[in-house]
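Scroll down for the structure; my scribbles are underneath it.
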Amino acid sequence: MHYTLHQLQIFLKVTQARSITRAADELNLTQPAVSIQLRNLQEQFEIPLTETIGKKLHVTEFGLEVADSAKKILEEVYALNYRALAYKGQLTGKLSISVVSTAKYLVPFFIHDFMKKHPSVEFSIQVTNKAKVIESLEKNLTDLSLVSILPEHLSVEKVNLLPNKLFLVGKPNSELQKKRLNRESLQQLPFIFREQGSGTLQVMERYLKKHNIKPRKTLELSTNEAVKQAVAAGLGFSLMPLIGMKNELAQHDLEIIPAPGLPVKSDWHLIWMKGKKNSPLAAEFIEFIRENRTDLVQKHFGWTSKY
């Protein structure tokens, strides 16, 4: 057997993506390069690792066993590299953070300076909706999470990062921007909603219930980006977090519309399970955030204070 770590890495990615094209994109390689390495690995075994049925790639049972072994081998190799760097006095390891979709506008600014200070550290950022973020935290599949609504059924510890404000937004040049809406007029507006499990949807539903507003629902979309595009196209109105609209507001693609009880305010939190024994890397990152959050917020998110 003469297979390489590179071949194992490529094969593992192919089994996860179930597509040579997608695996090549995620590895930043060309499709022919991935196909060649996959063929070279296959030549080491008499039993097929994959098979193509109806132009669709399938991983054989033996291939799944090889992929599982490859995953374990690569994890051990990464661990060896981390330990070698640790002996040199460098902070090392991989930190896993699950974040709600809107937090993708926050997390890069909170990890950038930390990564500059500790270049041997790796981050794994999972961007999904609130329900899946909380699930990954509860099942201990992630080290930390970034949310704006704290889970009611879990006992967590937290660091507050910055305020989260949600406004009613619509397409610019609307006559609605000239007056403050009341409950009756809000009920006549076509509303665009986020999908079930979204924290933004949860906040929107609480707001509508509190003010006894039953708007016309026109669309349900799975990401804030999709909602922004739909609103900018004039398909309706929505309640959206300010943090994700900086460029759209500056370019007048979206405009904030005055409405009763708005903005809805909460806070962004970095959270972890209470009693969890954090790794040295996670503990160092939490302490970094505690010490630098004020400066980071002012530097990168000071613009939000004018709204």
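Any read-out appearing in this document is the output of simple, stated calculations on the displayed coordinates, not a laboratory observation. It should be emphasised that the depicted structure is a prediction, and the values quoted were computed from it without experimental measurement. A quick note on method: Cβ atoms are made from the backbone with ideal geometry, for glycine too, and the neighbour counts reach across all protein chains shown.
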Just need the relative contact order of the chain here, percent rounded to a whole number, with Cα pairs under 8 Å and 6+ apart.
20 percent
Dimensions (Å) - the range 5-87, Cα atoms, principal axes, largest first
51, 26, 19
Structure-based [θ]222 nm, the chain - -39500 (n - 2.57) summed over DSSP H runs of at least 4, per residue, nearest 500
-13500 deg cm²/dmol
Considering only DSSP beta bridges whose two residues both sit in the chain, what percent are antiparallel, to the nearest 5?
60 percent
Please work out whether the chain counts as rounded, prolate or oblate from its C-alpha gyration tensor, where a ≥ b ≥ c are the square roots of the eigenvalues and a/c under 1.5 means rounded, while otherwise a/b larger than b/c means prolate and anything else oblate?
prolate
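Out of the range 125-154, which GluC sites (Glu not before Pro) are coil in DSSP terms and have no more than 13 other C-beta atoms within 10 Å?
Glu152
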Treating only Lys and Arg (+1) and Asp and Glu (-1) as charged, each at its beta carbon, one finds that the chain has a dipole about its Cα centre, in Debye to the nearest 20, of 1260 debye
Would you be so kind as to identify which of Asn212, Ser266, Gly244 lies farthest towards the positive end of the dipole of the chain, taking Lys and Arg as +1 and Asp and Glu as -1 on Cβ and the Cα centre as origin?
Asn212
Modelled label-to-label distance, Arg216 and Trp303, 7 Å Cα→beta-carbon offset: nm?
3.3 nm
In degrees, nearest 10, range 0 to 90: what is the angle between the Cα axis of helix 61-87 and the longest Cα principal axis of the chain?
80 degrees
Multiplying the sequence separation of Asp295 and Glu138 by 0.36 nm and subtracting their Cα-Cα distance, what value in nm do you get?
53.4 nm
Fewest-first sequence of Leu95, Leu201 by Cβ atoms within 10 Å of each Cβ:
Leu201, Leu95
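Could you compute the net charge surrounding Ser279? Neighbours are other residues with a C-beta less than 12 Å from the C-beta of Ser279; K and R count +1, D and E count -1.
Details: positive: Lys94, Lys276, Lys277; negative: Asp143, Glu284.
Charge balance in the 12 Å sphere: +1.
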Angle between the chain longest axis and helix 5-17 axis [Cα atoms, degrees, rounded to 10]:
40 degrees
Rounded to the nearest 10, the angle in degrees between the Cα long axis of helix 199-210 and the longest principal axis of the Cα atoms of the chain comes to 20 degrees
Label point 7 Å beyond Cα of Gln31 along Cβ direction - residues of the range 53-78 with amide nitrogen under 14 Å
55-57
Are there trypsin sites (Lys or Arg not before Pro) in the range 41-150 that DSSP marks as loop and that have at most 11 other Cβ atoms within 10 Å, and which are they?
Lys55, Lys88, Lys139
May I ask which residue of Ser120, His6, Val203 lies farthest towards the positive end of the charge dipole of the chain, with charges of +1 (Lys, Arg) and -1 (Asp, Glu) on Cβ and the Cα centre as origin?
Val203
For the range 189-307, the percent of all C-alpha pairs falling in each 10 Å bin, from 0 up to the bin holding the max distance, is 11, 35, 30, 19, 6, 0
Counted neighbours (other Cβ, 10 Å), sorted fewest up, put Ile36, Ile53 in the order Ile53, Ile36
For Cα pairs less than 8 Å apart in space and 6+ apart in sequence, what is the mean separation divided by the residue count of the range 90-187, i.e. the relative contact order in percent?
31 percent
Test of understanding: in a Gaussian network model of the chain with alpha carbons linked when under 10 Å, which of His112, His58, His269 would top the mean-square fluctuation ranking?
His58
